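*Asks:* Structure in structure tokens, see below.
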Amino acid sequence: SLRSPNRSTSARKSCAFIVSILPPNHWSARSHNILAEQSHQNGQGVTIDFVVARRWYEKAIARGSDLAQENLERLTIDEATEAGRYGEALKMQSARTERIEAAETKTNGKPGEQTASELLRQSWYALLAREFAQALAVGDRANALSLGSLTIDTNRAHAMLFLNRGAEARALYLMHKGKQMASDDDRRWEQVIAEDFAEFRKWGLTHPMIAEIEKDLAIAR
């Protein structure tokens, strides 16, 4: 999985507040970045407005926002994914992962949560690109850096499934049945698995065992 909970209410209010009280020439880099993120993250469940998000990120970058530069890079990767250019998205994410890991290692002496987060994204793009061995290897690395992350385990289970390691995949799928994904994400494991399976079908990724896992997890289609 690559999905996260919906954008917070406070962030949406911040966006509306900026638009309502400040003329555009007075918006700060942070203001532009918030507006860009709103257009970008609206993609959770609906179409991402790539053009609008890119425009706001570029405005924030022009005002000196390093965060906007990072977010624009993610937007570019998401845009490639949405267009079905999975190999391209994976290549860009792999390079990003290497850069983040190098920076985190330089700062902290070793890779940690930031690297794990990027590895999680890389494993998802590897799944879509049908690079299943890479998806599992990267997922395993992320898991070693961030033990207990159910989101990472979704990708590891999927990779095992598509590598035809059925017994291991089934065990992992069933291990977390009924669990809440995270303290800030009230979705249950099987809901996320159902969402991922729907994504796979959308992108033409299928496997005979998916129907069995859906039955085991009581996922209705």
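Every read-out reported here was derived from the displayed coordinates using simple, explicitly stated rules and does not represent laboratory data. Bear in mind the structure is a predicted one, so any value in this text is a computation, not a measurement. Quick reminder, even Gly has a Cβ in these numbers, built from the backbone with ideal geometry, and neighbours come from all protein chains shown.
*Asks:* Run the numbers for D49 and D185: contour at 0.36 nm per residue of separation, minus the present Cα-Cα distance, in nm.
*Replies:* 46.5 nm
*Asks:* With charges set only on the Cβ (+1 for Lys and Arg, -1 for Asp and Glu), what does the dipole of region 62-155 come to about its Cα centre, in debye to the nearest 20?
*Replies:* On the way: 11 positive and 15 negative charges, 29 e Å.
Dipole magnitude for region 62-155 comes out near 140 debye.
*Asks:* Set Lys and Arg Cβ to +1 and Asp and Glu Cβ to -1, take the dipole of region 96-221 about its Cα centre, and tell me which of H207, F197, T154 lies farthest positive.
*Replies:* Of the options given, the answer is H207.
*Asks:* Just how large is the dipole of region 100-221 about the Cα centre, in debye to the nearest 20, putting +1 at every Lys and Arg Cβ and -1 at every Asp and Glu Cβ?
*Replies:* It comes to approximately 240 debye.
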